[in-house]
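The values are calculated or read from the model by the stated rules, or taken from the named source; none is laboratory data. This structure is a prediction, so every number in the text was calculated from the model and none was measured. Glycine also receives a Cβ, built like all others from the backbone with ideal geometry; neighbour counts cover every protein chain displayed. The protein model used for the area step is the full one, side chains on, heavy atoms only, and it has no ligands, DNA or RNA in it. Shrake-Rupley method; radii C 1.70, N 1.55, O 1.52, S 1.80 Å.
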Amino acid sequence: MRNVVKKCQQAGQSIGFVPTMGNLHKGHLSLTRESKKDAAVTIVSIFVNPTQFGPSEDFKKYPRTLENDLKMLEEVGADFVFAPDEKEMYPEQTKTLVLIGGDLTNSLEGCSRPGHFNGVALVVIKLFNIVQPDFAYFGQKDAQQARVIYQMIQDLNMPIQMKVMPIVREADGLALSSRNQY
């Protein structure tokens with residue numbers, strides 16, 4: 001992935017990035033389409049991140065639908081897919097912790113999932129470091145997560161323009177979600 005990014009940067013191409021955990025739906029595809037409008041190159045990651053799951057959560061059962069996801073991304077024109085395995089993202093036991101605190105994580109989902117946003121922040125920092133995007137796309141459905149990531153980008157002076165896109169819904173109004181599919 002770093003070689004791809006380096007070639008894009010050398011060619012002066014902007015990079016749009018859509019980080020996902022796979023099991024894609026129309027919401028993810030709308031983020032990818034938006035990236036295609038803004039950036040010369042669109043990279044989508046697919047990685048089920050163990051550090052954002054609590055001990056009693058469903059990490060092992062989380063749907064992994066890579067073959068179908070790749071077909072969907074090809075149809076919407078994603079330029080590259082980065083689908084690392086766990087050993088690639090976490091080659092050894094992780095010794096670096098990311099602590100997100102304050103009002104951002106001490107309410108809403110943060111109350112019922114302690115440590116969740118620390119795991120999200122850790123993997124997003126790693127993905128941003130690998131992909132080095134100019135633009136990063138997140139869904140409004142995960143509003144608290146988007147706010148945490150926005151604050152992280154600001155606090156760490158990351159040269160990334162974050163775009164939070166509207167919720168894509170089912171016909172009955174329910175927000176599309178990989179967990180809802182599951």
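Taken over segment 73-92, the criterion of being open to solvent by less than 70 Å² (accessible area, probe 1.4 Å), under 20 Å from Asn23 (Cβ atoms) and either in a helix (DSSP H, G or I) or modelled with pLDDT under 95 (or both) is satisfied by Leu73, Val76, Met89.
Among the residues of this structure, Glu57 counts as one that is part of a loop (DSSP other than H, G, I, E, B) and either open to solvent by 70 Å² or more (accessible area, probe 1.4 Å) or modelled with pLDDT under 90 (or both). Every listed requirement among (1) of a type outside the set (A, V, I, L, M, F, W, C); (2) open to solvent by less than 20 Å² (accessible area, probe 1.4 Å); (3) outside any loop (DSSP other than H, G, I, E, B) is met by Gly22 save one, (3). Within segment 26-40, does at least one residue satisfy the condition of being over 16 Å from the mean Cα position of the chain (by Cα) and open to solvent by less than 20 Å² (accessible area, probe 1.4 Å)? Yes, the conditions are met somewhere in segment 26-40. Checking Leu156, Leu127 one by one, the residue that is at pLDDT 85 or above and over 16 Å from Met21 (Cβ atoms) is Leu156 and no other.
Sub-6 Å Cβ pairs linking a first residue in segment 81-95 that is closer than 25 Å to Lys36 by Cβ to a second residue that is small (Gly, Ala, Ser) and open to solvent by less than 100 Å² (accessible area, probe 1.4 Å), at least 6 apart or interchain, are Phe82/Ser45, ordered by first then second residue.
Matching residues to (1) of a type in the set (Phe, Trp, Tyr); (2) within 18 Å of the chain's Cα centre (by Cα); (3) open to solvent by 20 Å² or more (accessible area, probe 1.4 Å):
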position	(1), (2), (3)
Ser45	no, yes, no
Tyr62	yes, yes, no
Thr65	no, yes, yes
Lys71	no, no, yes
Ile100	no, yes, yes
Asp103	no, no, yes
Gly119	no, yes, no
Val124	no, yes, no
